[in-house]
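**Q** Structure provided below as structure tokens; questions to follow.
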Amino acid sequence: MKRPGRTLAVVLLACLAVSLFMVAYPMYVIRPFRTQGARELAVAMVVVRFRFLIAAISAGLALAALVWHWRAMSGRLPKTMAAVGTALVLLLAVVARVNVFERMFHPVSHPSFSAAQLVKLDNDEKVIAVRIGATARAYPIRGMSYHHIVNDIVHGAAIVATY
């Protein structure tokens with residue numbers, strides 16, 4: 001009776017590891033202010049491209065293994081642990097479907113501003129500066145790093161500041 005439990009545990013752990021890698025690796029590699037090598041970025045982009053498919057296959061395997069071994073398992077704890085492990089793999093498959101970068105990197109539609117003398121920036125802080133007529137705005141790059149786009153109205157003109 002221990003053999004099916006071990007097989008199920010190995011399958012669930014493998015599916016969990018694969019699904020976690022599919023979700024976590026691109027998020028680790030593709031983030032602002034982190035140096036990225038060409039090879040690791042290429043791998044991350046391939047993972048992003050195929051992550052839902054691979055995570056869905058992993059979820060199917062985990063679910064099939066759970067169903068296959070359910071009757072052979074005895075006791076509440078092993079069944080609960082197997083069900084929780086399978087639920088985590090299924091959850092990771094759903095998360096793999098969500099484009100986290102679209103959620104993180106969204107345009108700022110209503111920026112807020114302070115007078116220049118009230119703002120504290122580092123000496124080497126870079127900004128995107130826009131001046132139209134008598135109105136000037138500065139958009140700190142560090143603040144835009146998760147948005148990349150700011151929609152604003154400067155001196156009555158609608159603008160988009162991006163980098």
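**Q** Every residue in region 83-120 that is more than 27 Å from residue 29 (Cα to Cα), at pLDDT below 85 and either surrounded by 11 or more Cβ atoms within 10 Å (Cβ to Cβ) or under 19 Å from the mean Cα position of the chain (by Cα) (or both), please.
**A** Selection gives 111, 113, 119.
**Q** Within the set of pairs 6+ apart or on separate chains, which have a first residue in region 152-163 that is surrounded by 13 or more Cβ atoms within 10 Å (Cβ to Cβ), a second that is in a strand (DSSP E or B) and basic (Lys, Arg), and C-beta atoms under 7 Å apart?
**A** 152/137; 154/137
**Q** Does residue 9 qualify as being at pLDDT 90 or above and either part of a helix (DSSP H, G or I) or exposed (fewer than 12 other Cβ atoms within 10 Å of the Cβ) (or both)? Full working, then the answer.
**A** On the way: at pLDDT 90 or above: no; either part of a helix (DSSP H, G or I) or exposed (fewer than 12 other Cβ atoms within 10 Å of the Cβ) (or both): yes.
In short, no.
**Q** Can you pull out the residues in region 66-82 that are aliphatic (A, V, I, L, M) and either exposed (fewer than 14 other Cβ atoms within 10 Å of the Cβ) or more than 33 Å from the chain's Cα centre (by Cα) (or both)?
**A** So in region 66-82, the residues aliphatic (A, V, I, L, M) come out as 66-67, 72-73, 77, 81-82.
Passing the criteria: 67, 72, 73, 77.
**Q** Among the helices (runs of 4 or more DSSP H) contained in region 27-146, which hold 1 or more residues that are farther than 22 Å from residue 160 by Cβ?
**A** Numbers: elements: 38-69, 76-97, 100-104, 141-144.
Of the helices (runs of 4 or more DSSP H) lying wholly inside region 27-146, those with at least 1 residues that are farther than 22 Å from residue 160 by Cβ span 38-69, 76-97, 100-104.
**Q** A further question on this structure: Need the failing condition index for residue 29 against (1) touching a helix residue (DSSP H, G or I) at 6+ places or on another chain (Cβ under 9 Å); (2) over 30 Å from residue 145 (Cα atoms), just the number.
**A** Checking residue 29 against (1) touching a helix residue (DSSP H, G or I) at 6+ places or on another chain (Cβ under 9 Å); (2) over 30 Å from residue 145 (Cα atoms), the one that fails is (2).
The values are calculated or read from the model by the stated rules, or taken from the named source; none is laboratory data. From a predicted model like this one, the values you see are computed outputs, not experimental measurements. Cβ atoms come from the backbone with ideal geometry, glycine included; neighbour counts cover every protein chain shown.
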